[in-house]
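Structure, as structure tokens:
The values are calculated or read from the model by the stated rules, or taken from the named source; none is laboratory data. Not measured: the values here are computed from a predicted model. Every residue, glycine among them, receives a Cβ derived from its backbone with ideal geometry; neighbour counts consider all protein chains shown. We work out accessible area using only protein heavy atoms, side chains counted, and drop any ligands, DNA or RNA first. Shrake-Rupley method; radii C 1.70, N 1.55, O 1.52, S 1.80 Å.
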Amino acid sequence: MREVSINEIIPVVRSLFIEANYDLGRDVLDAFDRAIKSDESPVAKEVLEELKENARISREERVPLCQDCGLAVLFVELGQDVHITGGDLKQALNEGVRQGYKDGYLRKSACDPFARANTGDNTPAIIHYDIVPGEKIKIIVGPKGGGSENMSSVSMLTPAVGIEGVKEHVIKTLQEAGSNPCPPTIVGIGIGGTFERSALLAKKALLREIGTRNPDPKLAKIETDILEAINKLGIGPMGYGGNTTSLDVFLEMEPCHIASLPVAVNINCHSARHKQAVI
Ligand code: SF4
């Protein structure tokens, strides 16, 4: 059994949220570059150049990529041979969020759903735990913007619609979203499980690197088919037209009930932020 103090965990979470908000991933930047070359619209190319410049300023001048620094979402893979010492893990993760959003001058967006009163420190964080073999803790953070989250959905489709019905549903979701999720987007699709499991699969799918495909060739084909169709919608970067509406589509699937076909579509904006660390 390995002992890990909460005092090791708090600063890691703090800096992960700061870095996620200041330093856009290489995979997203490379996808911008590819899109600048391939998009047929001069306006789309210009917008993509602006997004690159925004990311450069953020990284070099240590300012957030976007005014919306997101709700604090964490995926924690906790080794079953780890013993947390010095306090409560959930409190430690929230303390890391609190410190990161304060010290990084990140906007705090968490509020009471009805009173709309800000909680003041971007907690409580949304934490997903997985107990895994081993004696390490892997922490992945994904600050999630409200604009793209608002355009996401969970639907219980009729099983008879099959693969084509799922494709149509996802494409329609992106069409209706239009420019609201700040395209070019990244689309996470969760199919199967239960209502809530499909949403979690879709959220987890967003953590994949742009350009990676589902290892199942059948699912990989669905990903590329949907991506191609979305990029024919003409929405384009920030809604100014063009053929770069999404940078990638990631699909994760699990078995579901014989009576159900849950399909979740979680959309991420061009500020597709995630960072990870292993303790
Ligand atoms: S959806 Fe993304 S890019 Fe748009 S405002 Fe929110 S965080 Fe910023």
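Couple of notes before you dig in:
- Taking the DSSP bridge list for the chain and keeping only pairs wholly inside it, about 55 percent are antiparallel.
- For the chain, the spread of Cα positions along the three principal axes, ordered from largest to smallest, is 54, 50, 40 Å.
- Carbon-plus-sulfur accessible fraction, the range 146-272 (probe radius 1.4 Å, protein heavy atoms only): 58%.
- One chain, two ends: T85 and V161. Fully extended at 0.36 nm per residue, the span grows by 22.3 nm beyond their Cα-Cα distance.
- Equivalent ellipsoid semi-axes - Cα gyration tensor, the range 110-206, angstrom: 26, 21, 13
- Karplus-derived 3J(HN,Hα) values for the range 68-76, using 6.51 cos²θ - 1.76 cosθ + 1.60 with θ = phi - 60°, are 8, 8, x, 6, 8, 9, 10, 10, 10 Hz; glycine and proline are entered as x.
- Spin-label model, A259 to E40: label points 7 Å out along the Cα-to-beta-carbon direction sit 4.8 nm apart.
- DSSP-assigned coil residues among chymotrypsin sites (Phe, Trp or Tyr not before Pro) in the range 44-138, each with at most 16 further Cβ atoms within 10 Å: Y105, F114
- The range 2-111: C-alpha pair distances exceeding 25 Å, %: 38
- Gain in span if fully extended, I126 to D30, counting 0.36 nm per residue against the direct Cα distance: 31.7 nm
- Applying both filters, DSSP loop and at most 12 other Cβ atoms within 10 Å, to the trypsin sites (Lys or Arg not before Pro) of the range 210-279 gives K232.
- Accessible area in square angstrom per residue, the chain, 1.4 angstrom probe: 47
- Backbone N within the range 249-279 under 20 Å of label point (7 Å from N180 Cα along the Cβ vector): 263-272
- Computed FRET value (nearest 0.05) for F195 with D225, which takes r as the C-beta separation and R₀ as 35 Å: 0.90
- Partners for K232 among lysines (Cα-Cα distance below 28 Å; same-chain residues under 8 apart left out): K37, K45, K52, K144, K167, K172, K203, K204, K218, K221
- Amide H partners (placed H, <5 Å) of L251, local residues excluded: I189, N214
- Cα-derived Rg to Rh of the range 154-235, Kirkwood definition: 0.93
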